[in-house]
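A quick write-up on the structure given underneath.
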Amino acid sequence: MKKSIPFLFLLFTVLGCVNARKADEGRPSKQNPSIFESEKQGALQKQILDKIGKFPEKWESVDFSKWEKNAVTVYLNYRTMPGSMLEVELGTKIIAKATLDVLVANGYDPKKEWLALFVHAQMREKGATGSNMTRRFGKVMYDFNTDSLEFKPIK
């Protein structure tokens, strides 16, 4: 029995190394794609805004808050109250889809790179005492596992 313990240890060590190598195959590349360099950031964001086109009357602005290799966060700011959650969902999905389209067109694979893309919908307003407040409506998230966009309203 004592002679089999070193053999089992060796066997489990080899199996562990093989499984670790297989797990690395699905991970994002360690290279930082050049599209996230600060010099290209403005041009890509302009392409996204151009792809979105003319904003609906209720939209105030689209702000890019985070722009990194594996994380992009965008805020859709409403000027006036949206008519429904469906309107919020459609607006955030338009922005998310335009963002994904521009990234893919520039050689970035969001699924392979495990991109965390969030598009939040909100409206800036004044509270009862006049203080600045933000009303949040919901967000769209890109799911790289299913290569899909998922909307979650704020409850």
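Every number here is computed from the coordinates shown, using simple stated rules; none is lab data. Since the model is a prediction, treat every value here as computed from it, not as a measurement. Neighbour counts are summed over all protein chains in view; Cβ atoms, including those assigned to glycine, are modelled from backbone coordinates with ideal geometry.
Points worth noting:
- Spatial separation of Cα centroids for the range 61-80 and the range 115-155, in angstrom: 10
- All-pairs Cα distance distribution in the range 55-132, expressed in whole percent, bin size 10 Å: 17, 44, 27, 10, 2
- Taking label points 7 Å from Cα along the Cα-to-Cβ direction, ALA128 and GLN41 give a separation of 3.9 nm.
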